[in-house]
Amino acid sequence: MKRNQKLWYLGYPAAAILAAAAVWGGVPEAVRLALGVAAAALVGVCHTSLLHEKMLRTDPDYRVAVLDERNLALREKAGNIANAANLALMGIAAVVFLGLGYTVPALVVWGLITVNPLILIGISSLLEKRM
Amino acid sequence: MKNRLEELRRARGINQEELARALEVSRQTIGSLENGRYNPSILLAFRIARYFGLPIEEIFIYEEESGDEA
């Protein structure tokens, strides 16, 4: 098993620690909720990733569907379009927050929108060195 | 880019599903290749050429677009 696949197994004990901290940590309600959601998300992501890796090894039809070059190109194109749509929706959400008087959430969302091109530039630079 | 994929496949007497399985791609990819909606990567083009035992140029016909000519 590859090293990065083994890392996914670490998600289960990490999620258990988060859940334990949420239940017995004596933390405020908002933090308890956040820890619970984080634990659930971590379990979901790890389990899905391990299942995906297993199916890639054992199910030839799944492997073809995932690794087929046309499907890869389609997913890449769809991801780009979805990213642009998400940015537009986040912009609308920020405007709605402002209209409702929620300044801090609006600023948070605007901050995320501003950071997005920087993330894109950073990842492009990284990929440029590898390809 | 035009290609003779469908002609060669039919001459061999196999369907799209069988060719897709042999090339380890989806049937939809074979369909898109045959009707010219999708151009293969160089790796897939080589695998197709090897499967049919022909040079790539005899399967895929590259034509310069009129706007690209100098």
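The values are calculated or read from the model by the stated rules, or taken from the named source; none is laboratory data. In this text the structure is predicted, and so the values were computed from the model without any measurement. Positions of Cβ are backbone-derived with ideal geometry, glycine not excepted, and every protein chain shown enters the neighbour counts. SASA here: full protein model, heavy atoms, side chains in, ligands and nucleic acids out. Shrake-Rupley method; radii C 1.70, N 1.55, O 1.52, S 1.80 Å.
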Quiz item: Say the dipole of the protein assembly as shown comes from +1 at the beta carbon of Lys and Arg and -1 at that of Asp and Glu; which of A:LEU7, A:ALA82, B:ALA22 then lies farthest toward its positive end?
Solution: A:LEU7
Quiz item: To the nearest 20 debye, what charge dipole does chain A have about its Cα centre, counting +1 at the Cβ of each Lys and Arg and -1 at the Cβ of each Asp and Glu?
Solution: 380
Exercise. Could you work out which residue, out of A:ILE81, A:ILE92, A:ILE119, moves most in a Gaussian network model of chain A, that is, has the largest mean-square fluctuation with Cα springs under 10 Å?
Key: A:ILE119
Exercise. State, to one decimal in nm, how far the label point of B:GLU58 lies from the label point of A:LEU126, with both points 7 Å from Cα in the Cβ direction.
Key: 4.6
Exercise. Give the distance, in whole Å, between the Cα centre of segment A:31-65 and the Cα centre of segment B:1-38.
Key: 34
Quiz item: Across peptide A:59-65, how many C-beta atoms of other chains are within 10 Å of each residue C-beta, on average?
Solution: 2
Quiz item: Restricting attention to segment B:4-64, which GluC sites (Glu not before Pro) occupy a DSSP loop and are surrounded by at most 16 other Cβ atoms within 10 Å?
Solution: B:GLU24, B:GLU63, B:GLU64
Practice problem: Could you give me the radius of gyration and the Dmax of chain A, taking only the C-alpha atoms into account and expressing both in angstrom? | Solution: 19.5, 53
Quiz item: Using the Cβ atoms and a cut-off under 12 Å, what net charge is assigned to the surroundings of A:HIS47, where Lys and Arg are +1 and Asp and Glu are -1?
Solution: 0
Practice problem: For chain A, set up a Gaussian network in which alpha carbons nearer than 10 Å are linked by springs, and say which option among A:THR48, A:THR103, A:THR58 fluctuates the most. | Solution: A:THR103
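Carbon-plus-sulfur fraction of the accessible area of segment B:4-70, 1.4 Å probe, in percent? Don't skip to the end; give the middle numbers.
Values: 2080 of 4440 Å².
Solvent-exposed carbon and sulfur of segment B:4-70 make up 47 percent of the total.
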Practice problem: Starting with the highest mean, order A:36-43, A:5-12 by the number of other Cβ atoms within 10 Å, averaged over the residues of each peptide. | Solution: A:36-43, A:5-12
Self-check item: Relative contact order of segment A:1-48, defined on C-alpha pairs under 8 angstrom at six or more residues apart (%)
Solution: 46
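Per DSSP H run of at least 4 residues, take -39500 (n - 2.57); add these up for chain A, divide by its residues and hand me the 222 nm value, nearest 500 deg cm²/dmol.
Details: 5 runs with 119 residues, N = 131.
That comes out to -32000 deg cm²/dmol.
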Quiz item: Counting other Cβ atoms within 10 Å, which trypsin sites (Lys or Arg not before Pro) in chain B have at most 15 and lie in a DSSP loop?
Solution: B:ARG4, B:ARG37
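For chain B, what does the helix formula give at 222 nm: sum of -39500 (n - 2.57) over DSSP H segments with n ≥ 4, over the residue count, nearest 500 deg cm²/dmol? The partial results should precede the final answer.
On the way: 4 runs with 35 residues, N = 70.
Per the formula, -14000 deg cm²/dmol.
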Exercise. Mind putting a number on the dipole of chain B about its Cα centre? Charges go on the C-beta only, +1 for Lys and Arg and -1 for Asp and Glu, and I need it in Debye to the nearest 20.
Key: 520
Quiz item: Can you give the translational diffusion coefficient of chain B in µm²/s, computed by Stokes-Einstein from the Kirkwood radius over Cα pairs at 4 °C and 1.567 mPa s?
Solution: 104
